[in-house]
Amino acid sequence: MLPSEIKNSNFRSRLENYKVINQFANRRKIFLLIIALVVLIAWFAGCASNKAADVKAKGAKRITGITTTVTADSVIVTINGNQPLTYTAIKQVFPMGVLFHFPETALATDKTVTTPPENEIIGSVKATELVENKSTTSRIFIAMKADAPYDLNPRIQGYRCHFQKPLPAQPPPRLRWQKNHLHSSHLKRIFLPPAV
């Protein structure tokens, strides 16, 4: 064959054949990698949802409701459960609030963020649920507007957290000056209780 005949030939050279086969091989590797990632993501998503369903279905501990009540001297956050709950409470400085951890407890309430009635202590109450491996942990964060002492009172199925409102500042006692009628030249200072 002459060199001019090779150029007009319909057959590819070995280098061109290698490039075409290599392109198909690379595309096949990418396609298989994408399929493997999709299957892996679907498998992990299925496992996580099954574990969360198992925790809720086995009659495990569940938080069934969170309510906030404002009284004259305190703000009360009530956490209800389907059975006695185990918790850990951590008071935070930033962001200011109290964080409750409930291990092995699912969240069975639809309201994850609640805004309490207008008050000067609590801004909001946020509930989240974490599912890792076979354990479910619920967290409740009570965001505070101002620092206030609190008491945690256990109930049969849950807890009641009382945040004390600050006492109103008492005005200092008033001092009155009264003229002594016996000696009008001298003024006498007498402490009298405030007039009502």
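Any residue in region 73-84 that is in a loop (DSSP other than H, G, I, E, B) and of a type in the set (A, V, I, L, M)? First the steps, then the outcome.
First pass over region 73-84, keeping only residues in a loop (DSSP other than H, G, I, E, B): 73, 82-84.
From the residues that got through so far, the ones that are of a type in the set (A, V, I, L, M) too are none.
No, there is no match, as no residue in region 73-84 is in a loop (DSSP other than H, G, I, E, B) and of a type in the set (A, V, I, L, M).
Select from region 96-130 the residues that are within 14 Å of the chain's Cα centre (by Cα), under 17 Å from Thr64 (Cα atoms), assigned to a strand (DSSP E or B) and among the β-branched types (Val, Ile, Thr) and list them in ascending order.
Answer for region 96-130, where residues must be within 14 Å of the chain's Cα centre (by Cα), under 17 Å from Thr64 (Cα atoms), assigned to a strand (DSSP E or B) and among the β-branched types (Val, Ile, Thr): Val113, Thr114, Val125, Thr128.
Looking at Ala89, Ala25, Ala36 in this structure, which one is more than 20 Å from Ser138 (Cα to Cα) and either surrounded by 13 or more Cβ atoms within 10 Å (Cβ to Cβ) or at pLDDT 80 or above (or both)? Even if it seems obvious, please write down each step before you answer.
Details: Ala89 fails: more than 20 Å from Ser138 (Cα to Cα); Ala25 fails: either surrounded by 13 or more Cβ atoms within 10 Å (Cβ to Cβ) or at pLDDT 80 or above (or both).
Answer to the check: Ala36.
Of all residues in region 131-148, which are of a type outside the set (Gly, Ala, Ser), closer than 23 Å to Thr68 by Cβ and assigned to a strand (DSSP E or B)?
Matches in region 131-148: Thr137, Arg139, Ile140, Phe141, Ile142, Met144.
Looking only at region 1-20, which residues are part of a helix (DSSP H, G or I), modelled with pLDDT of 55 or more and surrounded by 10 or more Cβ atoms within 10 Å (Cβ to Cβ)?
Glu16, Asn17, Tyr18, Lys19, Val20
The values are calculated or read from the model by the stated rules, or taken from the named source; none is laboratory data. Values in this document were obtained by computation on a predicted structure and should not be read as measured data. Quick reminder, even Gly has a Cβ in these numbers, built from the backbone with ideal geometry, and neighbours come from all protein chains shown.
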